[in-house]
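Okay, so here's the structure we're looking at.
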Amino acid sequence: MWNQQFECLPRRELEALQLQRLKKTVELVSRQVPFYQERLTEAGVSAESLESLKDVERLPFTAKSNLRDYYPFGFCAVDVSDIRRIHASSGTRGKPTIAAYTKGDLATWSDISARCLATAGARPGDVLHNSYGYGLFTGGLGIHQGAETLGATVIPASGGRTQQQVMLLKDFRARILCCTPSYALNLALCLDDMKLSPGDLKLEIGIFGAEPWSQECRRQLEERLNIQALDIYGLSEVMGPGVAVECLTTKSGLHIWEDHFLPEIIHPETLAPLPDGEEGELVLTTLTKEGLPLLRYRTGDICSLIAEPCACGRTARRMSRVRGRLDDMLIIRGVNVYPSEIETVLFSAAALAPQYQIVIHRERALDVLTVRAEFAQSTAQTWHRHGSDEHDERRKLTDTITTRLKNQLGLTALVELLPSGTIALSEGKAVRVLDLRLQQDS
Ligand SMILES: [Zn+2]
């Protein structure tokens, strides 16, 4: 373990530490951040009035829109001259949200990023190939500094130039791969194209995050790359990668580093707190951040908390794998659909390649869901070898996928099967959903 003392702190001591740090954070923001100053006064809450962790429920929520309203530095709790680094979200809709770090924050982030890597099975001396994007996105540098702190050798590959990355993976003999799951699939397909097998690489572990992904996707990645694939979680507003990670021991739920973050699950509409085990929206309060501390930040990620002790011995509660983001949830003909549910169906069909696109448009006021997938190259070869009629085989496969989607989603999708290589591969964060209704409405 990277930090056995904190990772295995008895719950009672952990909770006492959390309360102490929570009070300190509330004290800081009530002095330094006008947004919180106002809301805490309104609610009649002060740091001294917090008696137990349950009192976190008296604190105001923070939404992504609040961060945008106070762009760029309105949420900073220190003078901007004390900020050592600024990251930002992609800001696809208007202004981005920023992440600002003091020197102390960067040290904490490096430490918990190293803790995540170690929990997932990375060791000092490992070669770690990092294909997360470097730049304003927190993924690249967040993992990078964690890997250096751990004592690994980092290959800062970033995204793109996939063939070259495969060559470097082979030549530098990386044991650990860090990137988005969709980019890992791209690398696996590229390996096939280059007539290489996983045995030509020395990869043992993949640490994948920044996108919700399914268990089926895990199975595909483990098989295609001959690795253990683990889930890592983080978000730039709260810190970046390193908030939570699966342990190699159980690969079942992600340990949230509760000495730094206080998690809650709420009902996304009523905002009522939900007990451990129930699924809802993850809300996080930072406990040690100095530059941009946040109270009850609504992550938009849907998951549940697992309180049962983990076989690895760590005492931090786990979060279930994120089922989807509230922002990504599609409402199609009144039915809630997460793209990950469609992925589960597609990735469990051996005849398909792991590429897909989801398109929704409206026809005469009715939503139409189209799922585009590719059949694998090997599937087409098998058809030819057996002398079967490709048209017939495609129709049969289309029917099977349509039925499975109907069973999973409770609605009928139009399935289009395309030859392999038709759908663009991910170069970082995959864009798989095209909701044309937004354009049709405007
Ligand atoms: Zn564990």
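The values are calculated or read from the model by the stated rules, or taken from the named source; none is laboratory data. This structure is a prediction, so every number in the text was calculated from the model and none was measured. Cβ: placed from backbone, ideal geometry, glycine included. Neighbour counts: every protein chain shown.
Any idea which of 323, 298 is surrounded by fewer than 19 Cβ atoms within 10 Å (Cβ to Cβ) and in contact with a Ser or Thr (Cβ under 8 Å, 6 or more places away or on another chain)? Exactly one residue qualifies, and that residue is 323.
Given the structure, is residue 222 of a type outside the set (A, V, I, L, M, F, W, C), within 13 Å of the chain's Cα centre (by Cα) and either closer than 30 Å to residue 103 by Cβ or assigned by TED's automatic domain parsing to the domain that holds residue 135 (or both)? Against the criterion (of a type outside the set (A, V, I, L, M, F, W, C), within 13 Å of the chain's Cα centre (by Cα) and either closer than 30 Å to residue 103 by Cβ or assigned by TED's automatic domain parsing to the domain that holds residue 135 (or both)), residue 222 does not qualify. Against the list (1) touching a strand residue (DSSP E or B) at 6+ places or on another chain (Cβ under 9 Å); (2) more than 18 Å from residue 279 (Cα to Cα), the condition residue 268 fails is (2). Each residue in the range 267-293 was checked for being in contact with a Gly (Cβ under 6 Å, 6 or more places away or on another chain) and surrounded by 19 or more Cβ atoms within 10 Å (Cβ to Cβ), and 1 pass.
Yes/no per residue for (1) exposed (fewer than 12 other Cβ atoms within 10 Å of the Cβ); (2) within 26 Å of the chain's Cα centre (by Cα); (3) closer than 18 Å to residue 435 by Cβ; (4) among the hydrophobic types (A, V, I, L, M, F, W, C):
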site: 348; (1), (2), (3), (4): no, yes, no, no
site: 353; (1), (2), (3), (4): no, yes, no, yes
site: 399; (1), (2), (3), (4): yes, no, no, no
site: 402; (1), (2), (3), (4): no, no, no, no
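Within the range 138-158, being surrounded by 23 or more Cβ atoms within 10 Å (Cβ to Cβ) and in a loop (DSSP other than H, G, I, E, B) holds for 152, 157. Looking across 263, 241, one residue alone is assigned to a strand (DSSP E or B), within 16 Å of the ligand (Cβ to nearest atom) and out of contact with any Cys (no Cβ under 6 Å at 6 or more places or on another chain). It is 263.
For the range 352-442, the helices (runs of 4 or more DSSP H) that sit wholly inside it and include 2 or more residues that are within 29 Å of residue 326 (Cβ to Cβ) are 390-409, 437-441.
Can you tell me which residue within the range 300-329, out of those that are away from the ligand (no atom under 16 Å from the Cβ) and touching a helix residue (DSSP H, G or I) at 6+ places or on another chain (Cβ under 7 Å), is nearest to residue 252 (Cα to Cα)? Only one residue fits best here, namely 323.
All told, residue 340 falls short of being under 26 Å from residue 222 (Cα atoms), more than 16 Å from the ligand (Cβ to nearest atom) and more than 16 Å from the chain's Cα centre (by Cα). Restricting 42, 51, 57, 27 to residues that are without any contact (Cβ under 8 Å) to a residue 60 or more places away in the chain, assigned by TED's automatic domain parsing to the domain that holds residue 141 and within 21 Å of residue 298 (Cβ to Cβ) narrows the list to 42.
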